[in-house]
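Participant: Structure incoming, see below.
The values are calculated or read from the model by the stated rules, or taken from the named source; none is laboratory data. Because the structure is predicted, anything quoted here is derived from the model rather than measured. Virtual Cβ from ideal backbone geometry, glycine too; neighbours counted across all protein chains shown.
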Amino acid sequence: MGYVHPRLRPLLEAAQGRPTLADISVEEARAQIAARTASRPLGPRVDGVLELEAEGPGTPIPIRVYRPERPCGLVVAFHGGGWLMGSRDSFDATCRNLAVESGLAVANVEYRLAPEHPFPAAIEDAFAATAWLASGGPSLGLPADQLVVLGESAGGNLAATVCLMARDRGGPAIRLQVLVYPAVDARQQTESLRTFESGYLQTTRDVAYAWRTYGVGQYVAADDWRVSPLLANSHAGLPPALIISAECDGTRDDSEAYAHALQDCGVPAVHVRYAGMLHTFFGMRGIVDEAAEAQRQVATAMRAEVTR
């Protein structure tokens, strides 16, 4: 068994013998993440909060923007949840902390979820929201000429893919990509998926279930770069990256592989692995100090990139 931080061990003990994501309905999964969100501390107050709707390829895309006083840049943020759960509310506290600690405005995007809206709905919404904010941000007082994309888990997959799409479509220009334990390889063949198969909250079965629910194997092949950005023909010309991973996480190896893919193409990429952490630790501020540390590291990197 991998080393797990003492503050996280009670979570593992409480989860023993209980159903995980692959064993419950989508409705139950969404209710669980909503309950976890309600039980955790609220994020800090920001100078202003805007509720917006971007023009989407299907329906309008809800976006909640946290605007500090005199923001120095704009972050387009995509929540986690396996493409099937999560929302603006589940990512609210994290986005507030990032806005306060970075000085950048943070746009929390609520993309369409599977199975009601399988691939490519989520990535279409993610790119449309990014392009809409880049073009319309200045009219809202948002410095969209200093643009960062950020995503956690499934959201990290979307953020990485948005960067590839922006490069190939000639914009928008993105200064930095922040990927927090991103899922970037739908083939699911890594050693970490075997090492952390069960007993670490997220199981390997859960990972497979999330990919399948998103539409891999039905609407898109696992080796398609739009779901597996690791497998893009080239990673040259992409924005610099900060990649955060958790040691005790089945998707851990995706982070290392993506950092290497970027570096091999001359893209500056920093990968930081947090020892003893589990998947989703980034949002556990108030439970483990490492969550706050990782959020501050991200905030510092974003501010440094847009102000240099």
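Participant: Taking Leu21 as the residue in question, decide whether it is touching a residue at least 12 places away in the same chain (Cβ under 8 Å) and under 24 Å from Met277 (Cα atoms).
Facilitator: Working: touching a residue at least 12 places away in the same chain (Cβ under 8 Å): yes; under 24 Å from Met277 (Cα atoms): yes.
In short, yes.
Participant: Would segment 222-230 turn up any residue that is under 15 Å from the mean Cα position of the chain (by Cα), closer than 21 Å to Ala126 by Cα and of a type in the set (A, V, I, L, M)?
Facilitator: Among the residues of segment 222-230, at least one is under 15 Å from the mean Cα position of the chain (by Cα), closer than 21 Å to Ala126 by Cα and of a type in the set (A, V, I, L, M), which makes the answer yes.
Participant: For segment 44-91, name all the residues that are of a type in the set (D, E, K, R) and touching a Leu at 6+ places or on another chain (Cβ under 8 Å). I'd like the intermediate steps shown before the answer.
Facilitator: Filtering segment 44-91 for residues of a type in the set (D, E, K, R) gives 45, 47, 51, 53, 55, 64, 67, 69-70, 88-89.
Correct list: Arg64, Arg67.
Participant: Considering only residues of segment 33-81 that are polar (S, T, N, Q) and in contact (Cβ under 8 Å) with a residue 12 or more places away in the chain, which is farthest from Ser135 (Cα to Cα)? Even if it seems obvious, please write down each step before you answer.
Facilitator: Residues of segment 33-81 that are polar (S, T, N, Q), as a first pass: 37, 39, 59.
When the remaining residues are screened for being in contact (Cβ under 8 Å) with a residue 12 or more places away in the chain, the result is 37, 59.
Details: Thr37: 32, Thr59: 19 Å.
Looking at the filtered set, the residue picked out is Thr37.
Participant: For Asp89, state whether it is charged (D, E, K, R) and in contact with a Phe, Trp or Tyr (Cβ under 7 Å, 6 or more places away or on another chain). Can you show your working first?
Facilitator: Details: charged (D, E, K, R): yes; in contact with a Phe, Trp or Tyr (Cβ under 7 Å, 6 or more places away or on another chain): no.
Taking the combined requirement at face value, the residue does not satisfy it.
Participant: Scan segment 173-189 residue by residue and report those that are surrounded by 19 or more Cβ atoms within 10 Å (Cβ to Cβ) and either under 18 Å from Gly80 (Cβ atoms) or out of contact with any Ser or Thr (no Cβ under 9 Å at 6 or more places or on another chain) (or both). Quick ask: steps written out before the conclusion?
Facilitator: Quick first cut of segment 173-189, residues surrounded by 19 or more Cβ atoms within 10 Å (Cβ to Cβ) only: 174, 176-186.
Of everything in segment 173-189, those that are surrounded by 19 or more Cβ atoms within 10 Å (Cβ to Cβ) and either under 18 Å from Gly80 (Cβ atoms) or out of contact with any Ser or Thr (no Cβ under 9 Å at 6 or more places or on another chain) (or both) turn out to be Leu176, Gln177, Val178, Leu179, Val180, Tyr181, Pro182, Ala183, Val184, Asp185, Ala186.
Participant: Please identify the pairs in which a residue from segment 194-211 that is free of Cβ contacts under 8 Å to residues at least 60 places away in the same chain has its Cβ atom under 7 Å from the Cβ atom of a residue that is surrounded by fewer than 16 Cβ atoms within 10 Å (Cβ to Cβ) and assigned to a helix (DSSP H, G or I), counting only partners at least 6 apart or on another chain.
Facilitator: As it stands, the answer is none, since no pair meets every condition given.
Participant: Kindly provide the set of residues from segment 24-39 that are more than 20 Å from Thr213 (Cα to Cα) and buried (at least 17 other Cβ atoms within 10 Å of the Cβ), ordered by number.
Facilitator: Of the residues in segment 24-39, the ones more than 20 Å from Thr213 (Cα to Cα) are 35-39.
Matches in segment 24-39: Thr37 only.
Participant: Let me ask another. Find all pairs meeting these conditions: Cβ atoms under 8 angstrom apart; at least six residues apart or on different chains; first residue within segment 170-187 and closer than 21 Å to Met302 by Cα and among the hydroxyl-bearing types (Ser, Thr, Tyr); second residue assigned to a strand (DSSP E or B) and at pLDDT 95 or above.
Facilitator: Tyr181/Glu152; Tyr181/Ile244; Tyr181/Ser245; Tyr181/Ala246
Participant: Let me ask something else about it. Could you check Asp89 against (1) more than 23 Å from Val178 (Cα to Cα); (2) surrounded by fewer than 21 Cβ atoms within 10 Å (Cβ to Cβ); (3) within 19 Å of the chain's Cα centre (by Cα); (4) not aromatic (Phe, Trp, Tyr) and say which number it fails?
Facilitator: (1)
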